[in-house]
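Novice: Okay, handing you the structure first.
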Amino acid sequence: MRADLYEITSLSSRYIFILLIYLILYRTIKSIRMEYAWAEAGAAKISVEPSYGIISVAECLDGVSTLWAGMEFPIRKWTTIGRSSDNYIIIDREDVSKQHAVIYVDETGDIYIKDLKSKNGTWLNGKRIKRPKKVRSGDCISIGPVTFMVKIPSNPKIGR
Amino acid sequence: MVNRIKKSIKHMSIVFIAIFLILIVYLLYVYFFQGYRLANSYYNSRIAQKTQNIISGDIKDRNGDILATSRQKGEQWVRYYPHGALTSHVVGYVSSKLGRAGIESSQATYLLGLNDGLLEQTVQRLVFHEARGNNVILTLDYRLQKVAYDAIGNRNGAVVAMDPRTGEILAMVSKPDFNPNDLASLIDKDALYNKVLQGLYPPGSTFKVVTLASALENIPDIEKQVFDCKGYLNVGNYHLSCSGNKAHGELNIEQALAVSCNTTFARVGLQLGYDALFKTAKNFLFNKTFAFDDMTIYSSNFPKTVVTDDELAKDSIGQGQVTVTPLHMAMIVSAIANDGYMMQPRLVKAIENSRGRITKEFKPKIYAHPIDESTANEITDMMVNVVNNGTGKTAKISGVTVAGKTGTAQAGGNQEDHAWFVSFAPASDPSIAVAVIIENGGTGGLEAAPVARKIMQKALELGYK
Amino acid sequence: MKGTANKNSGTLGLIVLFNLLGFVLLALRSLPINFQALRLGLFISVIYIAVYILMKAFFKNCNFNIMFMIFTLTSISFITLYRLNADTAIKQVQWFLIGILVFFITIIFIQYIAEKLNNYFYILAALSIIILFSPLVVGVTRNGARNWIEFGSYTFQPSELVKILFIFTSASLLKDKKSIKELFPLMAFALICMGILMMENDFGMMIIYFAIFIIMLYIGTSNIAYILGGLAAAASGGCLAYLYVSHIKVRIEAWLNPWADATGKGYQIVQSLIAIGSGGWFGSGVGLGSPYVIPAAKTDFIFAAIAEEFGVLMALAVIIMYLLIVYESMKIALEANSAFYSLLSAGSASAIGLQAFIIIGGVIKLIPLTGVTLPFVSYGGSSMLANFMIVGIVQGVASQIVYQESVAKERYGESY
């Protein structure tokens, strides 16, 4: 290309370079902020399904990366708890079994906790359970290092 | 995972964000405040390169008189200076061996059109098939410059004239000088040095205006105080004497300024004390590094730490460790002339593109406010007295009130004294301020004042009011 | 999430566009058109797309923002290097390819092997020390520092690579909370490494190792005393160095007032600042400036060359890019599954962040100049490989983060 034509081309391109770069930065920062928003929301309150109550983390010892005290989960028809990542509530500690327990709701709307033959057991209000037990508002469930508290509102929404 | 690790990581993230922000801020600072000077730096080889391909714009005085232009010599374009040595220091030069200097250097970016907009560059290259820089219009008035140049004649020294209301420099001469059209036959490299901006001299008695200002601000009723001059004063081990050992007898400070009585001003300096005098000198911008886009001025000096009495006495009369550049002296009297407001000195008035349209104008800016209006007026009155009744009689202009101060500064060793004169006119509404120094010239009143007079007279003739 | 995928491909598109624009310009610069430049630009763009596709297919849990920043930085680097010297750029692209390979290997290593090796502190420490020491035995001296090893026609810097071993080793000790007494072996290890670097005259690296050490120490113990102690040690070390090591004194004086000796000791910094000042906000234009005048324009001072032709706005963008890389890496450290991974990621983030800060700071005269490379941008094989390994570690940690199912479903869609 002729020298003076190249000069003009290069001079004009300057602005395009800056524009592109800042667009790239803008999109990247936006992407970061969106992820940040999700991380903050965490699994705190997600009510996409009808919920029968709330199970919250009352106490959580060191060594668990996936839960922390104060987190709340909606109790669904079938809420699995365990170490493996396909559980609804994941506790990544060696002393928690891969499929440890499940909280489920039966046809009458009652909420039960069932131990899935776990190694170290599931504890309800301090007592180890052997068969499915009904849970009431205020009950404490302990699995491994985590203690959950159950809250059932007086008028639970029962959807279809 | 442990919460404390999480917290520590968050802390470290904040530290990293902070240090990167510092990086960003500092980069912006460097570019914003120093970028122009860096681009025009003597050490920037890009300027010399661009000179090959771009026709440099003209440098003109405020009335359009061409001071520097580009001419074709065969295949090449070379710089030609119509007025040669008369404008040599202000305009500067372009040389492959010596580099660039003066306005040719400090305004290289404009002269070569380096920061012209895209549209301008496109039009030039594609429509006019050439690359031409901008013209730089100076504040200089060649008519005044010629008068100043002729007035100083063959003597070495510096002359600078400026408009105290705007800070515009109307004339700037430094001798010895050189012929910018023929740098090859230059013998004395010292001639390249612009003494107006870079010559540091003891101000001698011209400094008494600063001591006076300090006294008026810090010593109540100093005007009424009576001093007794016996022709000499012993301060510690130092024997200070008035010019010719003359005993001035009883006099007040106004009279002392008129006759330039050393003993009185030494006493005033001692009465003020180091702190007060230093503060006034600081207000007048001593010890300050001036960094302007159109000129580099060396910093004037006033001792930065407390000195002994004998040194203080010397400083009060402008000797000792005090040194000053001629331009700074002009700025000081300009402040006195301009109700205490020191305007930023300017050499560049406007930028004009290659087709004659003004693209940038530089407006006058207040640079400092060393003294208040009443002090300035008092000093002005006393400086008028210097010219009417004192050592500055040779600067009188009929029909005009001139304010001035002479200076005869000891140059050290066996050299003759430097002759100084600083002045402005007309005293009631000053439109021209001048500082003259004749190196080893003798007495200020005899040698320097007439030079200043000629310049002021011409300025008023030309219509600077 | 469908939304993120679109966002990502859009950003990738912009990066490819940027890269092509740069190389098209470089191609047009000569008469007739320089087809090599076009081919190179196309090739690089294809690599970016290929890496993106590979990662989406096999490593989709990795952090794409970091990848985009790296693509952009390398693109700016390739364009600038090609403008300075075509062969240098081609060599750099070759190193880039090897770097990508090393990058993927590192991710796999972290995913499958890393945890198994993290209890062998002493062996790792010994290995680090031996490799770091090697230049003193079989190495060559370059630029006054004896920290290079020659292999045929290639030279490489062990200290760049041992940086990674250093982070790994430190993380393996710090992962279990330790009292001060138990940390002595780590301090000894750090001191030995720094000592070796000092003997090799590589003070820039020494500072980086030291800073990484202090940062990891703080993260591992949450004890601010280590930072304060570290700062004190650095300050006293700095003073001693200034007084007793002559060429450090020279560096500091050149930093304080380079103009005093603008053609001698201050030459590099003066030319660097002038280049930055000459560029303007938008730069002088690719091929229209004089970046070749800048000393070490392809290595230490490449930031100044970028500022000259691409502009100060671009230089600012580069700084922001490193900030984003560090930010994302720290975020990954926050979400990591275990203390070990967290330390690895944080240490890696510090390594890149510190190095970028130190060299950019030196080039703009914020701090004295130290001879370290600008990650992904400076010309250099060892630097490219080492930095890809570091980023590989971060991505490896990222790929294993376990999310709550609900969050994971929102983020990655039902396919999670």
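The values are calculated or read from the model by the stated rules, or taken from the named source; none is laboratory data. Computed from a prediction, not measured in an experiment: that's the story for all the values here. When we count neighbours, we look across all protein chains shown, and the Cβ atoms used for this are built from the backbone with ideal geometry, even at glycine. SASA here: full protein model, heavy atoms, side chains in, ligands and nucleic acids out. Shrake-Rupley method; radii C 1.70, N 1.55, O 1.52, S 1.80 Å.
Novice: Under the definition of partner shielding as Cβ atoms of other protein chains within 10 Å of a residue Cβ, what is the mean value for peptide C:290-299? Don't jump to the answer; show the numbers that get you there.
Specialist: Values: counts 5, 0, 0, 4, 0, 0, 0, 0, 0, 0.
Neighbouring Cβ atoms belonging to other protein chains average 1 per residue here.
Novice: Okay, next question. Using the Cα centre of chain B as the reference point, and only Cβ charges (+1 on K/R, -1 on D/E), how large is the resulting charge dipole? Debye, rounded to the nearest 20. Each step should come with its number before you reach the end.
Specialist: Working: 47 positive and 42 negative charges, 361 e Å.
With only Lys, Arg, Asp and Glu charged at Cβ, the dipole is about 1740 debye.
Novice: Rounded to the nearest 0.05, what FRET efficiency do residue B:190 and residue B:71 have when you use their Cβ-Cβ distance and R0 = 30 Å?
Specialist: Numbers: r = 29 Å, r/R0 = 0.96.
So, using R0 = 30 Å, E works out to roughly 0.55.
Novice: So, one more: Scan the range B:253-341 for trypsin sites (Lys or Arg not before Pro) in coil per DSSP, keeping those whose Cβ has at most 12 other Cβ atoms within 10 Å, and list them by number.
Specialist: Working: sites: B:267, B:279, B:282, B:288, B:304, B:314; in loops: B:288, B:304.
Here the sparse-neighbourhood loop sites are B:304.
Novice: Same structure, new question: Could the peptides C:151-157, B:224-230 be put in order, highest first, of the mean number of other beta-carbon atoms found within 10 Å of their residues? Intermediate results must be reported in sequence, preceding the final value.
Specialist: Numbers: C:151-157: 12.1, B:224-230: 13.9.
Top of the packing list down: B:224-230, C:151-157.
Novice: Taking the Cβ of residue B:91 as the centre, find all other residues whose Cβ is under 13 Å away and add up their charges (Lys, Arg: +1; Asp, Glu: -1). It would help to have the intermediate numbers written out before the result.
Specialist: Details: positive: B:60, B:79, B:100; negative: B:58, B:61, B:65, B:104, B:177, B:294.
Net charge around residue B:91: -3.
Novice: Let me ask something else about it. Please work out the Kirkwood hydrodynamic radius for the range C:120-272, using every pair of different C-alpha atoms, and report it in angstroms with one decimal place.
Specialist: Values: mean 1/r = 0.0586 Å⁻¹.
About 17.1 Å for the range C:120-272.
Novice: Order these peptides, B:400-411, A:130-141, A:85-96, by their mean beta-carbon neighbour count within 10 angstrom, highest first.
Specialist: Packing order, densest peptide first, comes out as B:400-411, A:85-96, A:130-141.
Novice: Let me ask something else about it. Taking amide H positions as placed 1.01 Å from N in the peptide plane, with prolines and chain starts having none, which residues 5 or more places from residue B:229, or on another chain, fall under 5 Å of its amide H?
Specialist: Those qualifying (amide H under 5 Å, at least 5 residues apart or on another chain) are B:248, B:249, B:250, B:251.
Novice: Could you let me know the centre-to-centre spacing of the range B:280-333 and the range C:162-232, using Cα atoms, in angstrom?
Specialist: 52
Novice: As an exercise, use a Förster radius of 60 Å and the Cβ-Cβ distance of residue C:182 and residue C:17 to find the FRET efficiency, rounded to the nearest 0.05.
Specialist: Working: r = 53 Å, r/R0 = 0.89.
In this case the efficiency is close to 0.65.
Novice: Can I get the semi-axes of the range B:363-402's equivalent ellipsoid? Compute them from the C-alpha gyration tensor as square roots of 5 times the eigenvalues, in angstrom, largest first.
Specialist: Working: eigenvalues 128, 37, 13 Å².
Rounded to whole Å, the semi-axes are 25, 14, 8.
Novice: What number, rounded to the nearest 500 deg cm²/dmol, is the helix-based mean residue ellipticity at 222 nm of the protein assembly as shown, given -39500 (n - 2.57) per DSSP H run of at least four residues and division by all its residues? Write down the numbers at each step before the final one.
Specialist: Details: 33 runs with 507 residues, N = 1041.
After summing the helix terms and dividing by residue count, I get -16000 deg cm²/dmol.
Novice: Could I have the simple spin-label model distance between residue C:88 and residue B:118, label points 7 Å from Cα toward Cβ, reported in nm to one decimal?
Specialist: The modelled label-to-label distance comes out at 2.8 nm.
Novice: Here's something else I'd like to know. Which of B:399, B:379, B:162 sits farthest toward the positive end of the charge dipole of chain B, with +1 on the Cβ of Lys and Arg and -1 on the Cβ of Asp and Glu?
Specialist: Going by the charge dipole, the pick is B:162.
Novice: Compute the Rg to Rh ratio over chain C from the alpha carbon atoms, using the Kirkwood formula for Rh, and round to two decimal places. Don't skip to the end; give the middle numbers.
Specialist: Numbers: Rg = 21.6 Å, Rh = 22.3 Å.
My calculation puts Rg/Rh at 0.97.
Novice: Roughly to the nearest percent, how much of the accessible area of the protein assembly as shown is carbon and sulfur, given a 1.4 Å probe?
Specialist: Details: 24410 of 42730 Å².
Carbon plus sulfur share of accessible area: 57 percent.
Novice: Rg and Dmax of the range C:184-300, Cα atoms, in Å?
Specialist: 18.8, 56
Novice: List the extent of the Cα atoms of the protein assembly as shown along each of their three principal axes, largest first, rounded to whole Å.
Specialist: Sorted largest first, the three principal extents are 121, 72, 67 Å.
Novice: Counting only residues 5 or more places away or on other chains, whose amide H sits under 5 Å from the amide H of residue B:132 once H atoms are built in the peptide plane?
Specialist: Close amide H contacts, sequence-distant or interchain: B:55.
Novice: Just to verify a number: FRET efficiency for residue A:84 and residue C:247, C-beta to C-beta distance, R0 = 51 Å, to 0.05? Mind dumping the intermediate values first?
Specialist: Numbers: r = 59 Å, r/R0 = 1.15.
Result of the calculation: an efficiency of 0.30.
Novice: Starting from the 7 Å offset along Cα-to-Cβ, what nm value, one decimal, do you get for the label separation of residue C:39 and residue B:288?
Specialist: Once both label points are built, they end up 6.3 nm from each other.
Novice: In addition: Around residue A:142, with a cut-off of 12 angstrom between Cβ atoms, what is the net charge of the other residues, counting Lys and Arg +1 and Asp and Glu -1? Don't jump to the answer; show the numbers that get you there.
Specialist: Values: positive: A:127, A:128; negative: A:59, A:95, A:115, A:139.
Summing Lys/Arg as +1 and Asp/Glu as -1 gives -2.
Novice: Taking the Cα centroid of the range A:88-129 and of the range B:192-228, what is the distance between the two, rounded to the nearest whole Å?
Specialist: The range A:88-129 and the range B:192-228 have Cα centres spaced 93 Å from each other.
Novice: Using amide H atoms built in the peptide plane, which far-off residues or other-chain residues are under 5 Å from residue A:139 H to H?
Specialist: Here the answer is A:150, since their amide H atoms fall under 5 Å of that of residue A:139.
Novice: Applying a 10 Å radius around every beta-carbon, put B:203-215, C:324-336 in order of their mean neighbour count, most first. Kindly include the intermediate steps, with their values, before the conclusion.
Specialist: Numbers: B:203-215: 27.3, C:324-336: 24.7.
Descending packing order for the listed peptides: B:203-215, C:324-336.
Novice: Here's something else I'd like to know. Using a cut-off of 18 Å between alpha-carbon atoms, which lysines can reach residue A:151, once sequence neighbours fewer than 8 places away in the same chain are excluded?
Specialist: A:45, A:77, A:114, A:133, A:134
Novice: I've got another one for you. Give me the accessible area per residue for the protein assembly as shown, probe 1.4 Å, as a whole number in Å². Before the final figure, lay out each step's value.
Specialist: Numbers: 42730 Å² over 1041 residues.
Per residue, the protein assembly as shown has an accessible area of 41 Å².
Novice: Taking only Cα atoms of the range B:215-291, what ratio of Rg to Rh do you get with Rh as the Kirkwood inverse-distance radius? Walk me through the numbers on the way to the answer.
Specialist: On the way: Rg = 13.9 Å, Rh = 13.6 Å.
Result: Rg/Rh = 1.03.
Novice: When DSSP beta bridges are limited to those with both residues in the range B:29-158, what percentage is antiparallel, rounded to the nearest 5?
Specialist: 75
Novice: Let me ask something else. So for chain B, taking the charge dipole from beta-carbon charges (+1 Lys/Arg, -1 Asp/Glu), which of B:356, B:194, B:137 sits furthest toward the positive end?
Specialist: Checking the options against the dipole of chain B, the answer is B:356.
Novice: List, in order, the whole-Hz ³J(HN,Hα) value for each residue of the range C:362-377 obtained from phi through the Karplus relation with A = 6.51, B = -1.76, C = 1.60 and θ = phi - 60°; use x for Gly and Pro.
Specialist: x, 6, 9, 6, 6, 10, x, 6, 10, x, 10, 9, 8, x, 6, 10
Novice: Could you work out, residue by residue across C:323-330, how many beta carbons of other chains sit within 10 Å of that residue's beta carbon, and then give the average as an integer? Can you show the working numbers first?
Specialist: Numbers: counts 7, 5, 0, 6, 7, 4, 2, 7.
Across C:323-330, the average partner-chain Cβ count within 10 Å equals 5.
Novice: Can you give the Rg and Dmax of chain B based on its C-alpha atoms, in angstrom?
Specialist: Reported Rg and Dmax, both Å: 25.3, 93.
Novice: Something else about it: Report the extension gain between residue A:95 and residue A:119 in nm, rounded to one decimal, defined as 0.36 nm multiplied by the number of residues separating them, less their alpha carbon distance. It would help to have the intermediate numbers written out before the result.
Specialist: On the way: separation 24, 0.36 × 24 = 8.64 nm, distance 0.78 nm.
Between residue A:95 and residue A:119, full extension yields an extra 7.9 nm.
Novice: Projected onto the charge dipole of the protein assembly as shown (+1 at Lys/Arg Cβ, -1 at Asp/Glu Cβ, origin at the Cα centre), which of C:30, C:348, C:269 gives the Cα projection farthest towards the positive end?
Specialist: C:348
Novice: Using protein chains only and a probe of 1.4 angstrom, how many square angstrom of residue B:346 are accessible, to the nearest 10?
Specialist: Solvent-accessible area, nearest 10 Å²: 30 Å².
Novice: Determine the distance separating the Cα centre of the range C:32-55 from the Cα centre of the range B:106-135; give it in Å without decimals.
Specialist: 36
Novice: Here's a follow-up. Beyond 28 Å between alpha-carbons counts as too far, so tell me which of B:73/C:298; B:60/B:454; B:365/B:393 fall in that bin.
Specialist: On the way: B:73/C:298 39 Å; B:60/B:454 24 Å; B:365/B:393 33 Å.
Long pairs (Cα-Cα over 28 Å): B:73/C:298; B:365/B:393.
Novice: Okay, next question. Hey, could you get me the Stokes-Einstein D for the range C:185-245, Kirkwood radius over alpha-carbon pairs, 37 °C and 0.692 mPa s, rounded to whole µm² s⁻¹?
Specialist: Translational D for this selection: 273 µm²/s.
Novice: Taking θ as phi - 60°, what are the ³J(HN,Hα) couplings along the range A:27-35 by the Karplus curve (6.51, -1.76, 1.60), each to the nearest whole Hz, with x for Gly and Pro?
Specialist: So the J values, rounded to whole Hz, are 5, 5, 5, 4, 4, 5, 5, 5, 5.
Novice: In bins 10 Å wide, starting from 0, what share of all Cα pairs of the range C:209-274 does each bin hold, as a percent?
Specialist: 20, 31, 25, 19, 4
Novice: With an 8 Å Cα cut-off and a minimum separation of 6 or more residues, compute the relative contact order for chain C in percent.
Specialist: Reported as a whole number, the value is 22 percent.
Novice: For the range C:290-304, just list the computed ³J(HN,Hα) in residue order, Karplus coefficients 6.51, -1.76 and 1.60, θ = phi - 60°, integers in Hz, with x standing in for Gly and Pro.
Specialist: Whole-Hz 3J(HN,Hα) from phi for the range C:290-304: 10, x, 5, 6, 6, x, 6, 5, 8, 10, 4, 9, 4, 4, 5.
Novice: Across peptide A:68-77, how many C-beta atoms of other chains are within 10 Å of each residue C-beta, on average? Display every interim value, and only then the final one.
Specialist: Working: counts 3, 1, 0, 1, 0, 2, 1, 0, 0, 0.
Across A:68-77, the average partner-chain Cβ count within 10 Å equals 1.
Novice: Return a whole-number percent for the relative contact order of the range C:333-395, with Cα pairs under 8 Å and 6 or more residues apart as the contact set.
Specialist: Working: 53 pairs, mean separation 18.4, N = 63.
About 29 percent, as a whole number.
Novice: From the C-alpha coordinates alone, can you work out the Kirkwood hydrodynamic radius of the range B:81-221, in Å?
Specialist: 17.9
Novice: Same structure again: State log₁₀ I(q)/I(0) for the range B:337-465 at q = 0.10, 0.21, 0.22 Å⁻¹ as given by the Debye formula over alpha-carbon point scatterers of equal weight, solvent excluded.
Specialist: Evaluating at q = 0.10, 0.21, 0.22 Å⁻¹ gives log10 I(q)/I(0) of -0.40, -1.16, -1.22.
Novice: Quick check: pseudo-label points 7 Å beyond the Cα along Cα→Cβ at residue B:98 and residue B:7, how many nm apart are they?
Specialist: 6.9
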